[in-house]
Amino acid sequence: MISIDNVSKWYGPFQVLTGCTTQVQKGEVVVVCGPSGSGKSTLIKTVNGLEPFQQGDIHVNGLSVGDKKTNLSKLRAKVGMVFQHFELFPHLSIAENLSLAQTKVLGRTKDEATDKGLKLLDRVGLRAHADKFPGQLSGGQQQRVAIARALSMDPIAMLFDEPTSALDPEMINEVLDVMVELAQDGMTMMCVTHEMGFAKKVAHRVIFMDKGVIVEDDSKDAFFATPRSERARDFLAKILH
């Protein structure tokens, strides 16, 4: 579903990604972790073209992300993205937040889009809040709305960029529960997260990054039992402790 081949990226003279290569199969859940500034968020944003890259290739479902002929807007409509800070439209109701892109990008009627949005709000446990505005919801609720909004586009894969890092600790589980359910339903997912409990529960593989390099790319069990690099061992010792 997602193929990243020898991808490198620079911000001016500073190299943020160096020769990154990995694949994500259909229905696979891959967790990307590593210390701050290791390039995790940058890597995940290259997958749907939010961050351009200077070297290498990325293909999503056979489409080349770096090809100038590729319609990135269409690609992004098929690859759901959930950010740290929700990115909901504050002046639109929750229901309107879910229906806007469906009508503008997918060409659904307002009724179709509203109906789809309400079903997804039901799925994330927020049907009763459809007429509220984002500012009236908690952070955890807003992030669940953001997940429902991404799902409303019928994505073939979902990208999560530290979806719980801006939340109060007691709100984290309500978001992770929705993500666990998605994973169990077979959604293809790449998740940048420090939530190792989530990784242990649903990830098929763990990618560990440091200084823009993929240091380890291993099965979940192998990564947690015997990380090969000293850097990953240090990271796990700190984060699991």
Checklist outcome for this item: Within the stretch 182-210, restricting to residues that are at pLDDT below 95 and charged (D, E, K, R), the one that is surrounded by the most Cβ atoms within 10 Å (Cβ to Cβ) is 195
Next on the checklist: Exactly one condition in (1) touching a helix residue (DSSP H, G or I) at 6+ places or on another chain (Cβ under 9 Å); (2) more than 22 Å from residue 4 (Cα to Cα) is false for residue 159; which is it?
Outcome noted: (2)
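For the stretch 92-111, give me each residue that is within 19 Å of residue 126 (Cβ to Cβ) and not β-branched (Val, Ile, Thr).
Within the stretch 92-111, 92, 93, 95, 96, 97, 98, 99, 100, 101, 102 meet the criteria.
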Checklist outcome for this item: Being surrounded by fewer than 20 Cβ atoms within 10 Å (Cβ to Cβ), of a type outside the set (Val, Ile, Thr) and touching a residue at least 24 places away in the same chain (Cβ under 8 Å) narrows 131, 122 down to just 131
Checklist entry - From the list 39, 80, 34, 56, which one is touching a Cys at 6+ places or on another chain (Cβ under 9 Å), closer than 16 Å to residue 192 by Cα and small (Gly, Ala, Ser)? => result 39
Checklist outcome for this item: Within the stretch 145-172, the residues that are more than 17 Å from residue 48 (Cβ to Cβ), buried (at least 16 other Cβ atoms within 10 Å of the Cβ) and of a type outside the set (Val, Ile, Thr) are 148, 167, 171
Checklist entry - If you scan the stretch 22-62, which residues turn out to be surrounded by 15 or more Cβ atoms within 10 Å (Cβ to Cβ), in contact with a helix residue (DSSP H, G or I) (Cβ under 9 Å, 6 or more places away or on another chain) and farther than 17 Å from residue 217 by Cβ? => result 48, 49, 50, 51, 53, 60
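The values are calculated or read from the model by the stated rules, or taken from the named source; none is laboratory data. Every value quoted in this text rests on a predicted model; they were computed, and no experiment measured them. Using ideal geometry, Cβ is built from the backbone for each residue, glycine included, and neighbour counts are taken over all protein chains shown.
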